[in-house]
Amino acid sequence: MKNRILLAILVLTGMTLSSFSLHKHYISLTQIEYNEGEKALQITVRFFIDDLEKAVGTRFDKNLALATEEELKNANTNIERYLDSKFKLWINGTEQSPNYLGKQYEDDQVFFFLELEKVENIEIIEVQNSVLMEVYEEQQNYIKMNIGKIKKTFILIKANDKEMLKISTTH
């Protein structure tokens, strides 16, 4: 009797755990901070390495082999081109192109650092982030903005991949 109960518990536990592992969450996190002293928007974008490799690899038909000794020499160029096409930023209605500063690996994630210099008098900031959405229908791109005293978080999905934040100039 004890063996049957133990077997039932093991089977149920296995089924429960396997159902969780079958459903993977597809997310990225973008943090946008305004550095008043430098008059710059500093942007950090974080992805899971395997998700980014699938998207960029599909687009450019290349295996980037990120975070390995076999990483392609032009991986940064391919990633920069991909980000330029999928991540858009407008300040006061004018599209801007942040500078790609580099990347850093941490466990199974990769962080990209971008910067937009000479930014003053932000009244409206718009962000469009459709990264990974062409390969994952369930992709969610979290955007955390810290512009002056305003802190706001958005979740962008395939059906709504763009958001706007109006900065009040009145005190």
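The values are calculated or read from the model by the stated rules, or taken from the named source; none is laboratory data. Keep in mind that this is a model prediction, so the values were computed, not measured. Quick reminder, even Gly has a Cβ in these numbers, built from the backbone with ideal geometry, and neighbours come from all protein chains shown. Calculation scope for accessible area: heavy atoms of the full protein, side chains included, ligands and nucleic acids excluded. Shrake-Rupley method; radii C 1.70, N 1.55, O 1.52, S 1.80 Å.
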LEU101 and VAL135 label points (each 7 Å along its Cα→Cβ direction) are spaced in nm at 2.6
Counting only DSSP loop positions in the stretch 82-147, the trypsin sites (Lys or Arg not before Pro) whose Cβ has at most 11 other Cβ atoms within 10 Å are LYS118
Checked against the positive end of the charge dipole of the stretch 119-171 (+1 on Cβ of Lys and Arg, -1 on Cβ of Asp and Glu, about the Cα centre), the farthest of ILE157, MET145, SER130 is MET145
If the chain between GLU115 and LEU29 were fully extended at 0.36 nm per residue, the gain over the current Cα-Cα distance would be 29.4 nm
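Expressed as a whole percentage, what fraction of the accessible surface of the stretch 119-171 belongs to carbon and sulfur atoms when a 1.4 Å probe is rolled over the protein heavy atoms? Display every interim value, and only then the final one.
Numbers: 1530 of 3210 Å².
Solvent-exposed carbon and sulfur of the stretch 119-171 make up 48 percent of the total.
What full-extension length gain, to one decimal in nm, is calculated for ILE155 and TRP90 as 0.36 nm per residue of separation minus the Cα-Cα distance?
On the way: separation 65, 0.36 × 65 = 23.40 nm, distance 1.76 nm.
Taking ILE155 through TRP90 to full extension adds about 21.6 nm, to one decimal.
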Averaged over all viewing directions, the convex hull of the alpha carbons in the stretch 72-171 casts a projected area in nm² of 7.7
Ignoring ligands and nucleic acids, LEU29 exposes an accessible area, probe 1.4 Å, in Å² to the nearest 10, of 40
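Lys and Arg at +1, Asp and Glu at -1: add these up for the other residues within a Cβ distance under 15 Å of ALA40 and post the number. Before the final figure, lay out each step's value.
Details: positive: LYS39, LYS118; negative: GLU33, GLU36, GLU38, GLU115, GLU117, GLU120.
Counting the neighbours of ALA40, the net charge comes to -4.
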Expected vector for the stretch 114-127, Karplus 3J(HN,Hα) from phi with 6.51, -1.76, 1.60 and θ = phi - 60°, integer Hz, x for Gly and Pro, equals 10, 8, 10, 8, 6, 9, 9, 6, 6, 9, 9, 10, 10, 10
